[in-house]
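The values are calculated or read from the model by the stated rules, or taken from the named source; none is laboratory data. What you see is a predicted model; the values in this text were computed from it and never measured. A quick note on method: Cβ atoms are made from the backbone with ideal geometry, for glycine too, and the neighbour counts reach across all protein chains shown.
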Amino acid sequence: MKPVYSCEPDLSVEEFVSILQRSTLAERRPVDEPETLRSMLRNATLIVTARIHECEGKGELIGVARAISDHAYCTYLSDLAVDRTYQGQGIGRELIRRTHQEAGPKTTLILLSAPKAQSFYSHIGLHPHPSCWTVPGSKTGKGSLPNTAPRSQPSSSSKSNQSQELAGFFDEISNTYAEAIQRCVPRYGEMLGALVEYLPAEAQKPKRVLELGCGTGNLSQLLTGKFLEAEFTFVDISEQSVSACRQRLPIETKKQFLVEDFRQLHFEDESFELITSSISLHHLTSPEKRELFRRCFDWLTPGGILTYCDQFSAEAEDIYQRNMQLWKSYTESAGASEEEWQMWMQHQQDHDFHDTLPEQMAWMNDAGFQQVDCPWRYLLWTVLQGRKP
């Protein structure tokens with residue numbers, strides 16, 4: 001049954017609280033302050049709802065968007081809530097579209113994303129903005145802009161917490177990761193093989209190799225088996241994964257291991273001939289990817305190669321959604337349980353940021369790489385390569 005969308009300026013506090021609680025938004029809204037909620041609804045410019053009508057009457061409220069707009073220049077979408085039962089069906093996207101249309105499509109639509117929803121907004125085509133600041137509301141009614149030196153930006157703390165959560169996740173699954181990845185990534189072995197196979201002739205004998213996000217060592221084994229004389233630096237945020245990787249590699253391999261968030265890494269310029277990564281860079285936001293590409297360019301020697309395989313979004317939303325459907329079908333046929341699939345989907349919602357192939361190729365070009373190319377792709381999974389002149 002298709003939802004019915006409409007503008008409801010008189011939405012009741014009770015229904016608003018109910019949809020907040022049935023979505024993931026209640027934990028970040030004052031659901032125990034009815035007067036605040038009443039004022040939020042009364043002073044909103046737009047309240048767009050989605051309802052399911054199974055019989056006569058108003059129908060069940062399954063989604064709401066609440067916005068403030070001047071109808072000329074900007075529209076602030078403050079609240080977007082969709083019942084968890086109906087998420088993943090395009091309702092949130094349609095609420096955004098209708099809100100923007102009602103406010104005036106010439107206005108710039110602005111929103112602040114919850115951490116778990118960032119990948120959703122990227123998927124549906126919204127553009128992240130790197131320079132947004134807020135002044136938190138004051139319970140006392142006085143202005144809260146500090147008149148002394150500003151405190152540390154909360155974004156740093158948030159990133160630290162996300163890094164800790166990410167490390168904990170991979171620590172927990174480190175013992176089963178090697179087997180799970182075979183069930184949950186289509187053509188996984190073929191992808192890793194392509195990453196190595198398509199290295200240009202001048203990269204066949206690198207002296208120093210950096211792997212970002214080595215995990216438990218699947219790609220690491222291929223690299224050390226191919227480049228017997230190279231010195232390796234393996235980096236991962238998960239201590240347990242690094243330990244597993246260490247145990248899988250030959251004792252005679254010249255190597256060092258770093259347990260670090262590779263967003264915080266620092267190396268001397270021209271430290272490596274080859275930098276590579278496997279299914280790790282999608283944990284970075286778009287600005288973080290761009291910054292990492294710039295640093296990798298500096299870390300490489302002239303003629304050096306950056307190549308990585310990862311999950312990419314699609315330019316068209318319907319293609320991206322079809323890729324997701326085919327991915328799930330593959331995991332089922334490969335023996336993954338519904339519980340395992342849901343675990344990865346929750347991880348994706350919490351920590352993954354999928355950007356498109358054209359975007360990432362452009363960012364590599366902007367960093368200075370040349371001959372940026374995609375030698376292999378299947379569904380979301382893509383191998384990308386660039387060369388430092």
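Listed values, structure above:
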| item | result |
| --- | --- |
| Residue among Ser329, Ser286, Ser313 that is among the polar types (S, T, N, Q), buried (at least 21 other Cβ atoms within 10 Å of the Cβ) and out of contact with any strand residue (DSSP E or B) (no Cβ under 6 Å at 6 or more places or on another chain) | Ser313 |
| Selected residue (only one of Thr107, Thr99, Thr49 is in contact with a Gly (Cβ under 9 Å, 6 or more places away or on another chain), farther than 25 Å from His351 by Cβ and either surrounded by fewer than 15 Cβ atoms within 10 Å (Cβ to Cβ) or of a type in the set (Val, Ile, Thr) (or both)) | Thr49 |
| Test: residue in the range 59-79 that is without any contact (Cβ under 8 Å) to a residue 12 or more places away in the chain and over 30 Å from Phe353 (Cβ atoms) | yes |
| Residues (outside any strand (DSSP E or B) and either among the hydroxyl-bearing types (Ser, Thr, Tyr) or in contact with a Pro (Cβ under 7 Å, 6 or more places away or on another chain) (or both)) located in the range 216-249 | Thr216, Ser220, Thr224, Phe227, Ala230, Ser238, Ser241, Ser243 |
| Hey, Ile47 in contact with a Pro (Cβ under 7 Å, 6 or more places away or on another chain) and in a strand (DSSP E or B) or not | yes |
| Options Ser280, Ser238, Ser243, Ser271; residue that is touching a residue at least 60 places away in the same chain (Cβ under 8 Å) and out of contact with any helix residue (DSSP H, G or I) (no Cβ under 9 Å at 6 or more places or on another chain) | Ser243 |
| Candidate set: the range 229-248, residues that are aliphatic (A, V, I, L, M) and at pLDDT below 95; chosen: the one surrounded by the fewest Cβ atoms within 10 Å (Cβ to Cβ) | Ala244 |
| Failed item in (1) over 20 Å from the mean Cα position of the chain (by Cα); (2) of a type outside the set (Lys, Arg); (3) within 11 Å of Gly213 (Cβ to Cβ), with Asp298 passing the rest | (3) |
| Residue within the range 6-18 that is assigned to a helix (DSSP H, G or I), touching a Ser or Thr at 6+ places or on another chain (Cβ under 7 Å), loosely packed, with under 15 Cβ neighbours inside 10 Å and not assigned by TED's automatic domain parsing to the domain that holds Lys328 present | no |
| Residues located in the range 58-88, provided they are surrounded by 15 or more Cβ atoms within 10 Å (Cβ to Cβ) and either in a loop (DSSP other than H, G, I, E, B) or not assigned by TED's automatic domain parsing to the domain that holds Gln21 (or both) | Gly59, Asp83, Gln87 |
| Unique residue being at pLDDT 70 or above, out of contact with any strand residue (DSSP E or B) (no Cβ under 7 Å at 6 or more places or on another chain) and aromatic (Phe, Trp, Tyr) when the list is Tyr188, Tyr198 | Tyr188 |
| Condition met for Ala26 (among the small types (Gly, Ala, Ser), assigned by TED's automatic domain parsing to the domain that holds Glu102 and surrounded by fewer than 12 Cβ atoms within 10 Å (Cβ to Cβ)) | no |
| Candidates Gln360, Gln349, Gln342, filtered to the one that is of a type outside the set (D, E, K, R) and without any contact (Cβ under 8 Å) to a residue 24 or more places away in the chain | Gln342 |
| Identity of the residue in the range 202-212, at pLDDT below 95 and either of a type outside the set (S, T, N, Q) or within 17 Å of Cys296 (Cβ to Cβ) (or both), that ends up surrounded by the most Cβ atoms within 10 Å (Cβ to Cβ) | Ala203 |
| Failed item, numbered, when Gly90 is tested on (1) touching a residue at least 24 places away in the same chain (Cβ under 8 Å); (2) within 29 Å of the chain's Cα centre (by Cα) | (1) |
| The range 186-226, residues that are without any contact (Cβ under 8 Å) to a residue 24 or more places away in the chain and over 30 Å from Ser333 (Cα atoms) | Ala201, Gln204, Gly225 |
| Given (1) more than 27 Å from Leu292 (Cα to Cα); (2) among the aliphatic types (A, V, I, L, M); (3) more than 16 Å from the chain's Cα centre (by Cα), number of the condition Ala362 does not satisfy | (1) |
